[in-house]
1. Place the peptides 220-226, 258-264 in order of packing, highest mean first, counting for every residue the other Cβ atoms within 10 Å and averaging per peptide.
2. Under a point spin-label approximation (7 Å from Cα along Cα-to-Cβ), what is the Phe19-Leu157 distance to one decimal in nm?
3. Could you order the peptides 188-200, 109-121, 8-20 from most to least packed, using the average number of other C-beta atoms within 10 Å per residue?
4. Please label the shape of the stretch 133-238 as rounded, prolate or oblate, based on the square roots a ≥ b ≥ c of the eigenvalues of the alpha-carbon gyration tensor (a/c under 1.5 means rounded; beyond that, a/b larger than b/c means prolate, else oblate).
5. Distance between Cα centroids, the stretch 1-54 to the stretch 93-113: provide it in whole Å.
Amino acid sequence: MTSSPLSYVVTVEDHQYLFLTCLLIIFTCWALMEILERRCSMGPNIVKTSDLQRAAVTEEQLKVNKMMTKSLDFRGRFRIQIRGSIFFVKMYFCFITSVIFIVICVANPGWFVDHFIHLYAPSKDFLPYLHLVTSIFGYYAWEVSANRYGKLAWSVLAHHWVTAMMACLILLGTYCPFATWYAVFGVGLTFPIFFTLGFRAQFSNKYPEFTRKAFVFSYYWYLVVCIIANLSGQVFLIVNSLLYHYNDSIPVYFIVVVCFCIGTWLYEDIQLLKALKACSIFNYEDAEIMMHRNMSLRMFGGKDLPSADLFGKNQQNSAAGNGSDQRNECERLNLI
């Protein structure tokens with residue numbers, strides 16, 4: 001193992017501040033989401049599935065409206081509009097953490113070299129890096145709790161659980177530059193994607209052309225930055241470890257596990273790319289049909305959409321078409 005001129009020491013008092021960082025991230029994300037929904041008219045609206053089906057004039061309109069909503073209960077009787085506030089909070093978090101990581105690397109280039117090139121295991125005890133890792137754990141803890149409806153895909157839950165678990169392992173002393181690289185390119189630099197998703201949830205029926213162009217940009221951004229750059233970095237780390245640091249700070253068996261994870265990441269990334277491309281051609285103007293004159297209306301992103309007063313109407317046990325939602329590629333975007 002190579003030595004480093006930098007000193008990496010974390011005290012007990014430092015760990016106390018790491019715990020405080022986790023709590024602050026959870027509270028900040030929660031407070032920001034409440035502000036967006038209560039003060040910025042981003043609160044979600046609820047509609048009965050049967051009302052969406054009756055209002056649809058064409059199959060395309062029904063598809064768009066289902067894409068813009070999500071099942072609220074397990075039986076599929078009610079649907080809730082995608083909460084754009086959550087995507088905007090995720091965008092803010094990812095953008096800020098990306099900027100902080102860049103600042104850390106610019107201000108401490110020696111740590112970057114130790115962590116990603118020399119594969120120096122003690123570099124995991126760099127305090128600013130540990131605060132970023134802790135913030136990711138708090139971020140996913142908030143996101144899993146806040147972005148809950150009647151159904152949440154097991155693949156999404158597994159992704160968030162594994163990411164949070166890896167953050168915990170790093171905090172407990174595990175050296176994993178692969179996870180660090182993925183956190184930067186596979187999580188932090190996805191902020192344009194979350195902006196597009198949040199804009200789609202709030203303003204797509206008012207600015208449909210901009211929404212479609214934003215999805216085109218998001219498609220290429222995700223392809224180049226979040227897949228190609230991410231995958232290239234992972235390959236470099238694997239080759240560097242096997243050729244120059246064989247079975248040193250990173251055991252060979254750990255690299256095998258990483259290769260398996262890369263395969264699963266790549267599969268999910270391809271599915272997400274398909275969804276981004278599909279959503280770049282939708283007629284978001286058709287979301288206008290969610291307005292009904294016999295419903296209580298409120299302003300939502302500049303347009304009137306149905307409110308939760310639908311609960312006061314006669315409930316109909318209608319889950320028809322709910323099973324086909326998950327077959328819609330764009331539904332994957334609602335589960336990120």
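1. Result, highest mean first: 220-226, 258-264.
2. So the two model labels end up 2.9 nm from each other.
3. Put in order of decreasing packing, that is 188-200, 109-121, 8-20.
4. In terms of gyration-tensor shape, oblate.
5. 19 Å
Bear in mind these aren't lab numbers, they're just calculated from the coordinates by the rules spelled out. From a predicted model like this one, the values you see are computed outputs, not experimental measurements. Note that each Cβ is placed from the backbone with ideal geometry, even for glycine, and that neighbours are counted across all protein chains shown.
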